[in-house]
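Here the structure is laid out as structure tokens; the discussion comes afterwards.
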Amino acid sequence: MDILERDPHIAAVIFDLDGVITNTVYFHYLSWQQLADEEGIPFDKLTHDSGMLGLNREDALCYILGDRQIDLVQQQRLLKRKNDCYLELINELNQDHLLPGIGNLLIELHAAGVKIALGSSSKNAELVLRRLGISQLFDFMADGNSVSRLKPAPDIFLYAAKSIEIESSQCLVIEDAPAGVAAAKSAGMWVLGVGPLERLAQADLVLPTLAGVGWTDIIAKLKYCGN
């Protein structure tokens, strides 16, 4: 049975991190841009936003390199340089960097007894949540260190759901990237896309932002989509 033929009895919400909870997407872009500039590789924000959102670190590097071949040692060296730059950029993260609506939504989910998990390809996800001051609000965190196959494979969301003991059909994933939407759909979960409709058209529900959107609003919109 297709998920849209069922009522959205949501018992858990699994959040992506970059672009959903905080705008670390821009910090990723800046660190990739610095690496590309140092290596003499053509790169700009359009390249980043059109092809790299939702990719894990290794796949993002392959995307930048294109046909350029490097060995494993070179790959790890480049990835470390990129990550070192990123860690420096996020050093000043705090609760002021939460995206609009996230803080209130987390509070409402707790009040409603809904479990909260993270499903992010970032290997720095736990550090970012600590810097934002919200790590204690999550029942479980699955990140780039948790599974071998990352988005668009469904593994990270399935792993998060299993860890919090919630069926996939009762999970709502909040994503901002096509790869994440595809992963959540493959996992048999409901998907709320946050961002442009044209980028997230495969999600069950798409909102431009979570600002001013409450948990009851989200459930009501999902029920409307399912009818």
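Screening residue 172 with (1) closer than 17 Å to residue 140 by Cα; (2) out of contact with any Pro (no Cβ under 9 Å at 6 or more places or on another chain); (3) part of a strand (DSSP E or B) gives one miss only, at (2). With respect to residue 9, determine if the residue is touching a Phe, Trp or Tyr at 6+ places or on another chain (Cβ under 6 Å) and either closer than 28 Å to residue 193 by Cβ or not hydrophobic (A, V, I, L, M, F, W, C) (or both). No; evaluated as a whole, the condition is false for this residue.
Can you find a residue that is surrounded by fewer than 18 Cβ atoms within 10 Å (Cβ to Cβ), modelled with pLDDT of 90 or more, closer than 24 Å to residue 194 by Cβ and acidic (Asp, Glu) anywhere in segment 62-78? For segment 62-78, residues surrounded by fewer than 18 Cβ atoms within 10 Å (Cβ to Cβ), modelled with pLDDT of 90 or more, closer than 24 Å to residue 194 by Cβ and acidic (Asp, Glu): absent. Among the residues of segment 101-123, those identified as in contact with a Gly (Cβ under 8 Å, 6 or more places away or on another chain) and part of a loop (DSSP other than H, G, I, E, B) are 101, 120, 121, 122, 123.
Would you confirm, using the coordinates I've provided, whether residue 6 is among the basic types (Lys, Arg) and modelled with pLDDT of 95 or more?
On the way: among the basic types (Lys, Arg): yes; modelled with pLDDT of 95 or more: no.
No, not satisfied.
Criterion applied to 15, 43 was being without any contact (Cβ under 8 Å) to a residue 24 or more places away in the chain and of a type in the set (Phe, Trp, Tyr), and the one residue passing it is 43. Scanning segment 207-220 turns up no residue that is in contact with a Pro (Cβ under 9 Å, 6 or more places away or on another chain), farther than 16 Å from residue 99 by Cβ and not hydrophobic (A, V, I, L, M, F, W, C).
Give the number of residues within segment 152-161 that are more than 12 Å from residue 14 (Cα to Cα) and assigned to a helix (DSSP H, G or I).
Going through segment 152-161, the residues more than 12 Å from residue 14 (Cα to Cα) turn out to be 152-155.
Cutting the leftovers down to assigned to a helix (DSSP H, G or I) gives us 155.
Of the residues in that region, 1 qualify.
Within segment 124-139, how many residues turn out to be surrounded by 20 or more Cβ atoms within 10 Å (Cβ to Cβ) and not in a loop (DSSP other than H, G, I, E, B)? Of the residues in segment 124-139, 4 are surrounded by 20 or more Cβ atoms within 10 Å (Cβ to Cβ) and not in a loop (DSSP other than H, G, I, E, B). Within this structure, residue 221 fails the test of being buried (at least 16 other Cβ atoms within 10 Å of the Cβ) and either assigned to a loop (DSSP other than H, G, I, E, B) or outside the structural domain of residue 109 (by TED's automatic domain parsing) (or both). I'm checking my understanding of the structure. Among residues of segment 93-102 that are modelled with pLDDT of 95 or more and not aliphatic (A, V, I, L, M), which one is surrounded by the fewest Cβ atoms within 10 Å (Cβ to Cβ)? Restricting to residues being modelled with pLDDT of 95 or more and not aliphatic (A, V, I, L, M), the top hit is 100. Taken as a whole, the condition of being charged (D, E, K, R) and touching a Ser or Thr at 6+ places or on another chain (Cβ under 9 Å) does not apply to residue 71.
From the list 30, 55, 35, which residue is of a type in the set (A, V, I, L, M, F, W, C) and in a loop (DSSP other than H, G, I, E, B)? Step through it out loud before you land on a result.
On the way: 30 fails: in a loop (DSSP other than H, G, I, E, B); 35 fails: in a loop (DSSP other than H, G, I, E, B).
The match here is 55.
The values are calculated or read from the model by the stated rules, or taken from the named source; none is laboratory data. Being a predicted model, the structure only gives us computed values, none of them experimental. So basically every Cβ, Gly included, is an ideal-geometry build from the backbone, and we count neighbours across all protein chains shown.
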